[in-house]
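The values are calculated or read from the model by the stated rules, or taken from the named source; none is laboratory data. Since this is a predicted model, take the numbers as computed values, not measurements. Note that we place each Cβ from the backbone using ideal geometry, even for glycine, and neighbour counts take in every protein chain shown. SASA here: full protein model, heavy atoms, side chains in, ligands and nucleic acids out. Shrake-Rupley method; radii C 1.70, N 1.55, O 1.52, S 1.80 Å.
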Amino acid sequence: MRALISIDYTYDFVAEDGKLTTGKAGQAIHDAVFEITKTFTESGDFVAYMIDNHDPNDSYHPEMKLFPPHNVQGTSGRRLYGKLQEYYDKTKNQENVYWHDKRHYSAFSGTDLDIRLREREIHELILIGVCTDICVLHTAVDAYNLGYQLVIPKDCVASFDQVGHEWALHHFESTLGAKIV
Ligand code: ZN
């Protein structure tokens, strides 16, 4: 069994005026992200949207010192980018579609994603979204340590740092045993 893990493909991370945007690189993967999301959603595979949610008053959060405020709770910056939000709204009541707010880079940090996957006997994760070398990377490392097999469609991940993006793709394959497709 497999699942699509969709990471942070939101307005703030992708739109031209997003607060922490991957810009053109993030926008370039829109169609591929949309198509794979549609395919998995329609085939009944588990689709998990794992989305950053930050409290602007959370002074203990380490990202406060590292990045400008982004994906702030209650703002439109947290809406999925492009055609994705409308599609999510249309499909969110399906049993195989799941949304979880996350506070850290990894989709496994402080969430119940691992148990949701185990309940469904899912062993293979397809990771998509942004940024390749931050949230996708940290999710991939946790998934590896939890024993999941990884597939990364390279036309469905992006970063604002092209060197980091390339490095992460290499790391997924050479160190985490991921299939890059
Ligand atoms: Zn964040």
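Between Asp155 and Met1, residue separation times 0.36 nm minus the direct Cα-Cα distance comes to 53.2 nm. DSSP finds beta bridges in the range 2-149, and of those with both partners inside it, around 5 percent are antiparallel. Helical content of the chain, expressed as a calculated mean residue ellipticity at 222 nm, amounts to -10500 deg cm²/dmol (DSSP H runs of 4 or more residues, -39,500 (n - 2.57) each, divided by residue number, nearest 500).
Sites listed here are chymotrypsin sites (Phe, Trp or Tyr not before Pro) in the range 27-83 whose DSSP assignment is loop and whose Cβ has at most 16 other Cβ atoms within 10 Å: Tyr60.
In the chain, excluding the sites themselves, the longest stretch lacking any of the GluC sites (Glu not before Pro) that are in a DSSP loop with at most 13 other Cβ atoms within 10 Å is 17-94. A 1.4 Å probe run over the protein chains yields, for the chain, 48 Å² of accessible area per residue, whole-number rounding. What the Cβ-Cβ distance of Ile115 and Ser43 gives, at R0 = 22 Å and to the nearest 0.05, is a FRET efficiency of 0.45.
Calculate the FRET efficiency for Lys179 and Asp17 from the Cβ-Cβ distance with a Förster distance of 41 Å, rounded to the nearest 0.05. After rounding, the FRET efficiency stands at 0.70.
Under the 0.36 nm per residue contour assumption, what length would be gained going from the current alpha-carbon distance of Asn93 and Phe67 to full extension?
On the way: separation 26, 0.36 × 26 = 9.36 nm, distance 3.33 nm.
Once the chain is fully extended between Asn93 and Phe67, it gains 6.0 nm.
Computed extension gain for Asn145 through Glu124, at 0.36 nm per residue and net of the alpha carbon distance, reaches 6.2 nm.
Short version: what are the Cα gyration tensor semi-axes of the chain, square root of 5 times each eigenvalue, largest first, in whole Å?
Values for the chain, descending: 22, 19, 17 Å.
Select from Tyr81, Tyr105, His123 the residue farthest towards the positive end of the dipole of the range 31-158; place +1 on Cβ of Lys and Arg, -1 on Cβ of Asp and Glu, and compute about the Cα centre. Farthest towards the positive pole: Tyr81.
Here the dipole of the chain is about 100 debye; that uses its Cα centre as origin and unit charges on the Cβ of Lys and Arg (positive) and Asp and Glu (negative). Modelled label positions at His170 and Glu86, each set 7 Å beyond Cα in the direction of Cβ, lie 4.1 nm from each other.
Ligands, DNA and RNA left out, the 1.4 Å accessible surface of the chain is 51% carbon and sulfur atoms.
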